[in-house]
Amino acid sequence: MTRTISKARTKPELIITAWDDLGRTMVGASELRKIQSAIRDQFGAGAVESPAAIARVLADEGAELRHPEVIEFDARWREAEIKRKSKGLGSGEDSKGKPLRLKQAEALIKRLERMRTRSEQTGDKAALQRARGTAVKAREVVESLAKNRTLDQEIREEQTEIVEWLAVWIQTPKLFTEWLELRRRSADYRAKFSAENS
């Protein structure tokens with residue numbers, strides 16, 4: 001990539017500039033990977049767009065897409081993102097994951113909710129299933145920790161609470177935020193987790 005990329009001020013501008021630097025070729029996995037790398041270099045790892053989002057910007061600019069390759073690359077990228085973001089939960093087979101704290105659980109559910117919302121907007125049913133699958137696996141791991149008698153009682157209670165949070169998100173994700181707000185106001189929650197709230 002050339003010096004013109006460093007002059008780009010926005011991600012869409014950088015995406016188009018990077019594609020220009022590639023010679024405005026047909027867009028497939030290799031080109032998308034290079035553009036993601038340019039975004040990471042200029043704006044940081046947290047700013048990297050999904051391959052599908054980059055492809056949409058380029059298609060609007062007149063790029064010819066190698067559709068099956070773009071779709072497959074996007075699916076692989078999203079799956080890798082889900083795995084990366086859910087580290088520390090253990091796998092579905094490993095019930096010895098590290099216990100989550102309430103704030104960590106809330107952050108995880110917020111990430112899952114962003115993925116769910118994005119997937120619904122783009123019509124990506126596979127990504128939607130992966131987000132739900134991650135929540136189900138996380139719930140299984142946390143549930144096993146809640147039953148683990150070698151853990152401190154306070155940690156087990158926290159894990160039991162998180163199991164409930166994940167169950168609500170899995171069943172009714174659109175209502176989770178309002179439900180959590182009401183749950184935190186309950187006397188039961190305040191008695192158990194008052195130190196966590198302060």
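Values quoted throughout were computed directly from the atomic coordinates according to the rules given, and no laboratory measurement underlies them. Worth saying up front: this structure is predicted, and the values here are computed from it rather than measured. We place every Cβ from the backbone using ideal geometry, glycine too, and count neighbours over all the protein chains shown.
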Flagged links, alpha-carbon separation over 18 Å, of 98/147; 98/192; 110/137
98/192
Counting only residues 5 or more apart in sequence or on a different chain, those whose built amide H sits under 5 Å from that of residue 27 are 64, 65, 66
Rg(Cα) of the stretch 87-198 divided by 2.2 N^0.38 Å?
1.08
Within 10 Å, count the other beta carbons around each residue, average over each peptide in 131-139, 181-189, and list them highest first.
131-139, 181-189
Is the shape of the stretch 1-85 best called rounded, prolate or oblate, per the rule: a/c under 1.5 gives rounded, else a/b larger than b/c gives prolate, else oblate, with a ≥ b ≥ c the square roots of the Cα gyration tensor eigenvalues?
oblate
Please order 34, 11, 174 by the number of other Cβ within 10 Å, starting at the fewest.
174, 34, 11
Within-13-Å neighbourhood charge of residue 65 [Cβ basis; K, R +1; D, E -1]:
-4
Once you compute Rg and the Kirkwood Rh from C-alpha atoms, what is the Rg to Rh ratio for the chain?
1.09
If each DSSP helix of 4+ residues adds -39,500 (n - 2.57) and the sum is divided by the residues in the chain, what number results at 222 nm, nearest 500 deg cm²/dmol?
-23000 deg cm²/dmol
